[in-house]
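Have a look at the structure below, then the notes.
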Amino acid sequence: MRSILVTVDDTPSSVAARGLAVDLARQTGAKIRGVTAVEVSDLDRVELAPVGGVEYAYASLQHRKKLAAERRARIAELPASFRHAVAEAGLEAPCSMIEADIRNGLLREMEACDLVVTGRDTEFHLESVEGLTPLVEHLVARGSRPVVVTGAAAVGSGPVLVAYDGSAPAAKALQMAVLLGMFGSSGAHILSVCRDRADASAMATRAREFLKVHGVEADLDAQGSSGDPAGILLKRAEKVGARMLVMGAFGHRGFREILFGSCTRHLFTSAPLPLFIYH
C-alpha cells in the first residue's frame, strides 16, 4: 500500500480515524493524505419573502449568513490541526479542501489513493446523525476503493477478524485486505457462520489457505447457526480482542440492500472496532 486518504473532521470517530491511519502508515509504509470539505450552498440559497414578510426574510438571511461563516471558520481550522497531529506522530501529511459538491469531490479524491479511512460520524457539519452518516454511506456504496470505517473507540492490538461467508464480496474483501498489508504481524482470526457447521468449516478453511499463501497465520472458528450474524461477529471480536473486522457484504436482495442490509448496517453503526469493507 502506498497511499491512505483520511477524511478530516472534528467528530469523535474522525479523530479515531486519524489515529488509525497513522498506525496503518507505520505498519505498511504508506503515505497519508487528508481531505476535508466545506459546503454552504444549503445556507446561501435565496428564499422568496412572503407578502408582508420582508423583515422576516431579512432576519433569516442574516442568520444563514452567520451560520455559513461559522461553518467556514470551523472547517478552515481542520487542515492545520490535522497536519499538526500527524507531525506529532512523526509523519507528514498534506490536507486538501473541497469547497463544493462534496460527495462527488470525495469520490474523485478516492481515485488517487489505495485506502480510505473515515470516521462513521464524519459529516463536515452537513448533517447531525447518530451512527453512520449519509456522507460515509455514500463513500462506501459509490467509492472505487476499500474503506475502513471507524467508531470513536481506540483500536486494540489483537488479530484481524475476518468474516467469511464464501461469497464473492467476502473473497474480494479478504484479497484486498491482504494485498494492502492490513494484517501486519498480528495474524488473523477467521469466522464463518452458516446453518451447516460442516459448510462453515469448509469456507473458513479455504480462507485460511488463501491467507497462508500470503504468509498470514490464521485461527479458525466455524459455527453452525442461523442466528443474528452481526451479534455473533461482535461477540467473537470481543472474545479475541480483534483490532479490525474485514468483511464483504451480507444479504441477497440487490446491490444497495446487499451493501446496507441489516447485518452490515448494524456493524457500521455499532461495532466498537474498525470495519474494512470492499465490494
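For the range 219-252, taking the residues that are within 15 Å of Phe276 (Cβ to Cβ) and small (Gly, Ala, Ser), the one that is modelled with the highest pLDDT is identified as Ala242.
Being at positive phi and not hydrophobic (A, V, I, L, M, F, W, C): is that true of Asp114 here? Judged against the criteria, Asp114 is not a match. Residues in the range 186-197 include at least one that is assigned to a strand (DSSP E or B), buried (at least 19 other Cβ atoms within 10 Å of the Cβ) and over 25 Å from the mean Cα position of the chain (by Cα). Condition test on Ala93, is it of a type in the set (A, V, I, L, M), exposed (fewer than 14 other Cβ atoms within 10 Å of the Cβ), within 22 Å of the chain's Cα centre (by Cα) and modelled with pLDDT of 65 or more? Judged against the criteria, Ala93 is not a match.
None of Val129, Val140 is surrounded by fewer than 17 Cβ atoms within 10 Å (Cβ to Cβ), β-branched (Val, Ile, Thr) and at pLDDT below 95 except Val129. Only one of (1) outside any helix (DSSP H, G or I); (2) modelled with pLDDT of 95 or more; (3) within 19 Å of Arg236 (Cα to Cα) is not met by Val216, so which one is it? Looking at each condition in turn, Val216 falls short on (3).
Examine the range 259-267 for a residue that is hydroxyl-bearing (Ser, Thr, Tyr), at pLDDT below 90 and not in a strand (DSSP E or B), and state whether such a residue exists. Yes, that holds for at least one residue.
Name the residues in the range 148-185 that are surrounded by fewer than 18 Cβ atoms within 10 Å (Cβ to Cβ) and at pLDDT 95 or above, would you? Within the range 148-185, Gln175, Leu179, Gly181 meet the criteria.
The values are calculated or read from the model by the stated rules, or taken from the named source; none is laboratory data. Keep in mind the model is a prediction, meaning the values are calculated, not measured. Note that we place each Cβ from the backbone using ideal geometry, even for glycine, and neighbour counts take in every protein chain shown.
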